[in-house]
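Contents: one structure, followed by commentary.
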């Protein structure tokens with residue numbers, strides 16, 4: 001004898017986000033202002049030091065804005081920090097951003 | 001971190017997000033959840049925490065640098081979002097075993113058998129609320145799905161809840177959506193899980209265990225509502241293992257703790273609900289995330305003063321990396337929870353202590369040497385570059401953390417006495433306590449009042 005069958009509902013719920021376009025990429029980093037953002041975890045300061053060295057070697061005209069300009073982007077205030085970023089980018093004339101570190 | 005990158009992209013600034021090798025799956029899932037599925041990521045090989053300075057430098061220059069440059073100069077492939085069912089769609093028809101298998105294979109269940117969420121069962125749950133089934137209680141990251149009344153009922157059915165638990169489930173999801181709670185951090189590496197504490201007359205009405213074995217599965221209200229919480233985190237918030245849930249080891253969901261309000265009333269202490277800003281006698285839920293806990297066995301002493309040294313020592317020792325929520329990543333967000341068995345609470349009251357006195361005594365006594373706290377955060381766990389003295393001089397820490405420059409001075413583990421939460425529950429016949437290691441801002445204590453429907457009594461009569 002066939003067991004009873006049931007029709008069952010979806011336990012998820014519709015996503016509320018739409019596909020968002022990404023920013024146009026740059027043609028070079030020479031002459032561009034690149035901002036560092038750090039969550040103050042897992043030796044990101046050391047990573048940025050090495051990245052600076054590598055980026056300056058490849059792109060001598062690069063202008064790097066240190067993570068120290070922003071403080072930590074992680075923690076109880078992170079929503080406010082993220083909300084403030086676009087205006088900070090405008091103030092600094094940021095052309096690109098490097099964020100660290102997801103671990 | 002990915003939220004910062006998404007904010008940059010939205011502002012027209014290209015980004016590169018540096019992600020450790022083991023977290024690339026999480027980055028992909030989280031990026032999809034925020035609507036940027038092809039958000040460029042730069043890989044860092046291995047984990048920086050265990051690499052020498054030279055290894056870290058080499059990995060950065062030989063791997064991460066290459067990715068960063070590509071991320072900023074090369075246009076990413078166009079992204080797309082998967083098509084999904086509608087909120088009320090029937091997604092499968094089959095026997096219990098077939099449904100179980102279908103849900104498991106599609107990551108819609110927790111791996112245990114569950115009640116099939118049929119329309120009839122869901123409608124039975126909806127009768128226990130006056131709210132519209134389509135009402136949105138919040139948007140839950142990282143998947144950013146709508147936490148609807150309807151979806152609460154569907155997952156409540158699956159968890160094995162009874163329809164009359166619905167008002168509790170709704171209060172829980174309202175709390176989950178509160179930004180102060182920080183649900184978006186629920187997949188972090190400590191694998192912390194939420195402890196739900198329930199207060200009010202509804203404890204007896206729905207048959208919660210609030211005595212011996214309060215945290216053990218076996219009593220339906222405590223157990224099924226605990227299971228609901230984790231199912232909802234999976235199905236609606238989006239915390240799936242190996243994707244958004246990156247707990248290194250993880251934890252099973254926690255059984256709901258109900259406070260022993262009979263004893264609390266008898267001894268004149270305020271219940272947890274009052275600590276959370278409600279009136280005594282209100283039906284409430286409180287949620288907070290804890291990385292783990294430990295039983296404080298056989299607390300000896302006939303006075304609170306005799307019991308305190310052992311309790312305080314245990315509370316202080318339970319907190320190591322967690323101190324980053326007191327000093328460091330966030331300041332002042334550590335809220336340890338102590339469960340006291342009724343015998344201990346009665347002994348404190350017999351010795352003249354209020355709950356506030358107990359918290360103050362813990363604040364004064366549960367302390368660690370300043371140099372040890374700095375060593376834990378700066379040297380051992382690489383949680384930043386902090387010096388307690390510098391932080392205090394900048395006005396970012398209370399005076400109690402820097403009463404002198406002596407590195408041996410004892411500093412508290414929280415900012416103020418009221419940061420400790422205390423709940424009376426557990427075996428009335430045993431002199432035990434339990435301490436939870438809190439997860440700070442990633443699971444900050446949040447409470448909600450349980451709203452019963454207008455015809456609650458009639459519905460309860462009918463369900464009996």
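See the values below:
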{"item": "Selected residue (only one of A:22, A:51 is on the phi < 0 side of the Ramachandran plot, within 7 Å of another protein chain (Cβ to nearest Cβ) and assigned to a helix (DSSP H, G or I))", "result": "A:51"}
{"item": "Residue match in segment A:27-44 (condition: more than 7 Å from chain B (Cβ to nearest Cβ) and part of a helix (DSSP H, G or I))", "result": "yes"}
{"item": "Members of segment B:4-25 found to be touching a residue at least 60 places away in the same chain (Cβ under 8 Å) and either at the interface with chain A (Cβ under 7 Å from one of its Cβ atoms) or assigned to a loop (DSSP other than H, G, I, E, B) (or both), listed by number", "result": "B:23"}
{"item": "Which listed residue is out of contact with any strand residue (DSSP E or B) (no Cβ under 7 Å at 6 or more places or on another chain) and at positive phi, from B:138, B:156, B:160, B:200", "result": "B:160"}
{"item": "Flag if residue B:239 is buried (at least 23 other Cβ atoms within 10 Å of the Cβ), within 14 Å of another protein chain (Cβ to nearest Cβ) and part of a loop (DSSP other than H, G, I, E, B)", "result": "yes"}
{"item": "Residue that is surrounded by 15 or more Cβ atoms within 10 Å (Cβ to Cβ) and modelled with pLDDT under 95, where the choices are B:272, B:244", "result": "B:244"}
{"item": "Within segment B:52-158, helices (runs of 4 or more DSSP H) holding 2 or more residues that are closer than 25 Å to residue B:183 by Cβ and more than 10 Å from chain A (Cβ to nearest Cβ)", "result": "B:119-126"}
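The values are calculated or read from the model by the stated rules, or taken from the named source; none is laboratory data. Keep in mind it's a predicted model, so treat the numbers as computed, not measured. Backbone-built Cβ (ideal geometry, glycine too); neighbour counts: all protein chains shown.
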